[in-house]
Amino acid sequence: MNYALPIFAVLLSFAFVYLVKPNNKSHFKLLLAFSGAFLLALTLFELFPSVYEHGNPKNVGLFVMLGILLQIILEYFSKGAEHGHVHLDKDKKLFPWLLFGSLCLHSFLEGFPIHDHNTIIYGILIHKVPIAIILSIFLLNSKIPLTKALLFISIFSLMTPLGSYIANHTQLADTYFASINSLVIGVFLHISTVILFESSEGHTFNLRKIVAILLGIIIAYLL
């Protein structure tokens, strides 16, 4: 069932945008703030203790930093779509290959920690929904043909389950457990903190956003 959840989350988000046609992305800022806090808290509560338990602390730190650097590089090509920004020219009909490749690699890596941490699937799902909605708004408002947009979203939805499948059915995740999970921690740390810092206008927090962030942290702690 864990394999199917990310697929449903992305495809249903695309269907929601196609049917409802929301044009104001600001409505999803609260959900983004909640998802950023929730993902960050799960990373700290679940992933960090396990990698330090199984790996050399200095190597863990090294791969966390490599994960942060990897995500910075991916965002150079995706223009920040992983945390709710799509800055590509909507008037172009060309398929956004760099965006596609960056998001797919990011999504693929997200699937690995699910192998040993079932609760992290909830953080990934809550992270995926607002991103998939914002990405779908861009794709459906662009001049990219609907068939290509649907193919984009469909392949994107499969990447996290693919990462989970490889982690579950190969020795890769067990042999390199601490290194792979530390790399993903770095990715999660960068994304979640950027979401939190960018979730408010002018870096000022209003009460609703503070409540959303607190809820994300509390729910992650109780899982």
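Report whether or not ILE210 is surrounded by fewer than 22 Cβ atoms within 10 Å (Cβ to Cβ), out of contact with any helix residue (DSSP H, G or I) (no Cβ under 8 Å at 6 or more places or on another chain) and assigned to a helix (DSSP H, G or I).
Working: surrounded by fewer than 22 Cβ atoms within 10 Å (Cβ to Cβ): yes; out of contact with any helix residue (DSSP H, G or I) (no Cβ under 8 Å at 6 or more places or on another chain): yes; assigned to a helix (DSSP H, G or I): yes.
Judged against the criteria, ILE210 is a match.
Could you tell me which of the residues LEU69, LEU74 is farther than 25 Å from LEU214 by Cα, open to solvent by less than 30 Å² (accessible area, probe 1.4 Å) and part of a helix (DSSP H, G or I)? Reasoning before the result, please.
Values: LEU69 fails: open to solvent by less than 30 Å² (accessible area, probe 1.4 Å).
Being farther than 25 Å from LEU214 by Cα, open to solvent by less than 30 Å² (accessible area, probe 1.4 Å) and part of a helix (DSSP H, G or I) holds for just one of LEU69, LEU74, which is LEU74.
Report every pair of residues separated by at least 6 positions or lying on different chains whose Cβ atoms are under 6 Å apart, first residue within the stretch 133-148 and closer than 22 Å to PRO6 by Cβ, second of a type in the set (Phe, Trp, Tyr) and surrounded by fewer than 16 Cβ atoms within 10 Å (Cβ to Cβ).
LYS148/PHE95
Can you go through SER179, SER164 and tell me which one is surrounded by fewer than 21 Cβ atoms within 10 Å (Cβ to Cβ) and part of a helix (DSSP H, G or I)?
Values: SER164 fails: surrounded by fewer than 21 Cβ atoms within 10 Å (Cβ to Cβ).
Only one candidate passes the filter, namely SER179.
Report yes if SER136 is over 24 Å from PRO22 (Cα atoms) and either modelled with pLDDT of 85 or more or touching a strand residue (DSSP E or B) at 6+ places or on another chain (Cβ under 7 Å) (or both), otherwise no.
No.
For the stretch 104-112, does any single residue satisfy the condition of being part of a helix (DSSP H, G or I), of a type in the set (A, V, I, L, M, F, W, C) and either modelled with pLDDT under 85 or touching a His at 6+ places or on another chain (Cβ under 8 Å) (or both)?
Scanning the stretch 104-112 turns up no residue that is part of a helix (DSSP H, G or I), of a type in the set (A, V, I, L, M, F, W, C) and either modelled with pLDDT under 85 or touching a His at 6+ places or on another chain (Cβ under 8 Å) (or both).
The values are calculated or read from the model by the stated rules, or taken from the named source; none is laboratory data. Predicted model only: the values in this text are computed from it and were never measured. Every residue, glycine among them, receives a Cβ derived from its backbone with ideal geometry; neighbour counts consider all protein chains shown. Remember, those area values only see protein heavy atoms, side chains included, never the ligands or the DNA or RNA. Shrake-Rupley method; radii C 1.70, N 1.55, O 1.52, S 1.80 Å.
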